[in-house]
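Written below as structure tokens is the structure these notes are about.
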Amino acid sequence: MTVRRIMGTEIEYGISVPGQPGANPMVTSSQIVNAYAARPELSKGGRARWDYEEETPLRDARGFTYTGALYDPAENLADEDSGLANVILTNGARLYVDHAHPEYSTPEVTNPREIVLFDKAGEMTMAEAALRAAHTPGIGPINLYKNNTDNKGASYGAHENYLMSRQTPFADIVAHFTPFLVTRQVFAGAGRIGIGQDASEHRYQISQRADFFEVEVGLETTLKRPIINTRDEPHADAERYRRLHVIIGDANLAEHATFLKTGTASIVLAMIESGAFDGSLGIAEPVAELRAVSHDPTLTHKIELRNGKRLTAVELQQSILEQAEAYCGADADPDTREVLDLWAYVLDALARDPMELADMLDWPAKLSLLDRYRQRENLDWGAAKLQAIDLQYHDVRPEKGLYHRLVARGKMKRLLTDTEIINAMTEPPADTRAFFRGRCLSRYPSEVVAASWDSVIFDVGADSLVRVPMMEPEKGTKAHVGELFERCEAAKDLLDVITAD
Amino acid sequence: MAAKDSGGQSQSQRSRQEADAETTEAAVDPEIAERHEAMTEEVDDLLDEIDEVLETNSEEFVRSFVQKGGQ
């Protein structure tokens, strides 16, 4: 049993032009993406486009299938025709415009620490993109916020993806993952002033997203949002894998929050895959309880289970943790152990006093700031100043964002150094196919005409383009192909080696 | 991984408890008073910094942050 699996996050950032609330967000989001694309390592060749082609099954043991066949780019390389900017980064991530927001999708990684690393690299990428945009003639300042709502009725996502076994019945995921998702906000919430989608009631709640979820299961992501999303698009061998698309999280600034959010999710999914849960934690009314938990920062609300029992969200999490400990036992590898230990530490602290975690998790950190400010200025929760603090906590600019100001004062615990994060803005993870994607882009920028999660397409001067599918996310790693990139001066050499095997 | 020191409220509570356990006689330990004062100053300092970096017109800033819905 391990926390290790293929995973990633995709975060839509809030975007605003000071003084121009009417600015077209599709245009400004494109300006952000294009400004970043002017970075030296991204502007060497022509810009690689996103490949939407559906995949063919795997043949090569390393994860490649050489197609060599005629390939019609016009059908699948659609982004630029739609006018929305897209750029594939040398770390294997994707920066693009989605639903009127700039979005950063991390490369595929294998563990929660790397999720934190690349999720934070995304944040720094956005900060740099905004800085570059501000220095582009004709473009004014554009501000970006890593949050999930404008407090006026709109919400935008912070999604997680977990690759799972196709064997696991979807009904098991619904039954056993729902209680976990409803309650994990006690450590994964990013905090928000305002109750209701339009924040009409002025109180602090734990989660940014809870009030925007309306059903238990479904395919939607933009309205009638479901706790469990049923999208089935594995970006990998569909016979073997399912990609569980989790849409119910908040965007976290705090490194420990992201670490715990994704690490615990991966452990719980591993337990579901091996049938470890008996269903005794089923919640009677998950949607209503999701909100009730979020609306109670004292963490005393009792959730009613289907079997009539009543537990607080922290107690329910403790029960999941106990089962995880029993399940992993002494076999937990170091990465898994690290998650289990932090999970236990955080739940104990939450049970005593959530404010003990004001230096580790987002919602207590923000609440602590707001409370002190509110007391000093004698404000009520509806005050514009407090709402401004709530919003500015999420500002990605190091000099303006209040999360970043806390970090600068040494008031937030970290898992990573800035140097590691800056490195991850350009360097791919070593142990997934993102390594192959990223290296192709940095090594052969002029020859890569397009890429996607499961393909890279080359133009090496032949009559047709060459498409290299990558249906196995754990292949194309540094161990598999690192040496090839050192050896092959040109993309053509690389393709010759791959196809000769 | 578990955290030891921390800022803000929790530290002030914890360090006060520790200090209480250590101190048996002195009603007002000057060291505690000093630490408490330092803590208060630090909080004030943080709130002052918020005032400095906060967007100038809070009402206008909050009102004009209007997003199109996303996923």
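Every read-out reported here was derived from the displayed coordinates using simple, explicitly stated rules and does not represent laboratory data. Bear in mind that the values here come from a model prediction, so they are computed numbers and not experimental data. Positions of Cβ are generated from backbone atoms using ideal geometry, with glycine treated the same way; all protein chains shown enter the neighbour counts.
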For A:ARG225, list long-range residues whose amide hydrogen, built 1.01 Å from N in the peptide plane, is under 5 Å from its own amide hydrogen. A:GLU214, A:VAL215
Please give every one of the aspartates and glutamates within straight-line cross-link reach of A:LYS302, meaning a C-alpha to C-alpha distance under 16 Å, and leave out same-chain neighbours fewer than 8 residues apart. A:GLU285, A:GLU289, A:GLU315
Simple Cβ-charge dipole of chain A, Lys/Arg +1 and Asp/Glu -1, about Cα centre, in debye nearest 20: 1400
As a test, work out the antiparallel percent of DSSP beta bridges whose residues both lie in the protein assembly as shown, rounded to the nearest 5. 90
Which value in deg cm²/dmol, rounded to the nearest 500, describes the helix-derived mean residue ellipticity at 222 nm for chain A, given -39,500 (n - 2.57) per DSSP H run of n ≥ 4 and division by the residue count? -12000 deg cm²/dmol
Considering only DSSP beta bridges with both partners in the range A:172-306, what is the antiparallel share in %, to the nearest 5? 50
Amide hydrogen neighbours beyond the local backbone of A:ARG243, cut-off 5 Å, H modeled: A:MET164, A:GLU233
Report, to the nearest 10°, how far helix A:362-377 tilts away from the longest principal axis of the Cα atoms in chain A, using its own Cα long axis and a range of 0 to 90°. 50
³J(HN,Hα), Karplus 6.51/-1.76/1.60, whole Hz, each residue of the range A:233-246, x for Gly, Pro: 9, x, 6, 6, 4, 5, 5, 9, 10, 10, 9, 7, 9, 9
Sparse-neighbourhood loop hits (trypsin sites (Lys or Arg not before Pro), the range A:390-436; DSSP loop; Cβ within 10 Å at most 13 others) -> A:ARG409
Go through the range A:143-158 residue by residue and turn each phi into a ³J(HN,Hα) via Karplus (6.51, -1.76, 1.60, θ = phi - 60°); whole Hz please, and just put x for glycine and proline. 9, 10, 10, 8, 9, 10, 7, 9, 6, 10, x, 9, 9, 9, x, 10
Using Cα atoms only, what is the angle between the long axis of helix A:313-328 and the major principal axis of chain A, expressed in degrees (0 to 90) to the nearest 10? 50
Mind pulling the angle between the C-alpha long axis of helix A:478-487 and the longest principal axis of chain A? Nearest 10 degrees, somewhere in 0 to 90. 40
